[in-house]
1. With respect to Lys109, is the statement that it is over 23 Å from Glu7 (Cα atoms) and not assigned by TED's automatic domain parsing to the domain that holds Gln16 true?
2. Scan the range 16-51 for residues that are under 19 Å from Leu67 (Cβ atoms) and modelled with pLDDT of 75 or more and jot them down.
3. Can you work out which of the residues in the range 1-15 that are surrounded by 14 or more Cβ atoms within 10 Å (Cβ to Cβ) and over 18 Å from the mean Cα position of the chain (by Cα) is modelled with the lowest pLDDT?
4. Any idea which of Glu85, Glu77 is farther than 20 Å from Leu17 by Cβ and out of contact with any helix residue (DSSP H, G or I) (no Cβ under 7 Å at 6 or more places or on another chain)?
5. Confirm whether Leu96 is modelled with pLDDT of 95 or more, loosely packed, with under 14 Cβ neighbours inside 10 Å and among the hydrophobic types (A, V, I, L, M, F, W, C).
Amino acid sequence: MPLQNKEYFKRLLNGQLQELLEKRSSSPVSKMVEIAGQAPDFVDQATIESDLDINIHMRERDSKLILKIKEALERLEDGTYGICEECGEEISLQRLKARPVTTVCINCKKRQEAGERQRGL
């Protein structure tokens, strides 16, 4: 991968990582749990608990994305970023720009998805 592309993706991934970490620190789940216990009636408590479930799900999703971003940054450092883990070919720049954390090229991804459809996943 040319140096200018490597620097571009390094900045992009670090920016996304910083955004997720800031978002994570600005919405403490513990405060929502405390509020849920103080709800005046069952409807309010149910609403708060539903919001809490959504918030927890979003934090879990963000945690997975944080891990993927860190792994992508490691691949940038060790020189394997942009190389498909399945076939060993280069992942297109267009695909990397659309999904910077990807580890497979579009052809291998299509094969994976076709296999999942055949298995009914």
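The values are calculated or read from the model by the stated rules, or taken from the named source; none is laboratory data. Worth saying up front: this structure is predicted, and the values here are computed from it rather than measured. Cβ atoms come from the backbone with ideal geometry, glycine included; neighbour counts cover every protein chain shown.
1. Yes: the conditions hold for Lys109.
2. Scanning the range 16-51 gives Gln16, Leu17, Gln18, Glu19, Leu20, Leu21, Glu22, Lys23, Arg24, Ser25.
3. From the range 1-15, those surrounded by 14 or more Cβ atoms within 10 Å (Cβ to Cβ) are 1, 5-6, 8-10, 12-13; that's our starting set.
Now drop any that are not over 18 Å from the mean Cα position of the chain (by Cα), which leaves 1, 5-6, 8.
On the way: Met1: 73, Asn5: 92, Lys6: 93, Tyr8: 96.
For the range 1-15, the residue satisfying everything is Met1.
4. Numbers: Glu77 fails: farther than 20 Å from Leu17 by Cβ.
Going through Glu85, Glu77 in turn, the sole match is Glu85.
5. Working: modelled with pLDDT of 95 or more: yes; loosely packed, with under 14 Cβ neighbours inside 10 Å: no; among the hydrophobic types (A, V, I, L, M, F, W, C): yes.
For Leu96, the condition - modelled with pLDDT of 95 or more, loosely packed, with under 14 Cβ neighbours inside 10 Å and among the hydrophobic types (A, V, I, L, M, F, W, C) - is not met.
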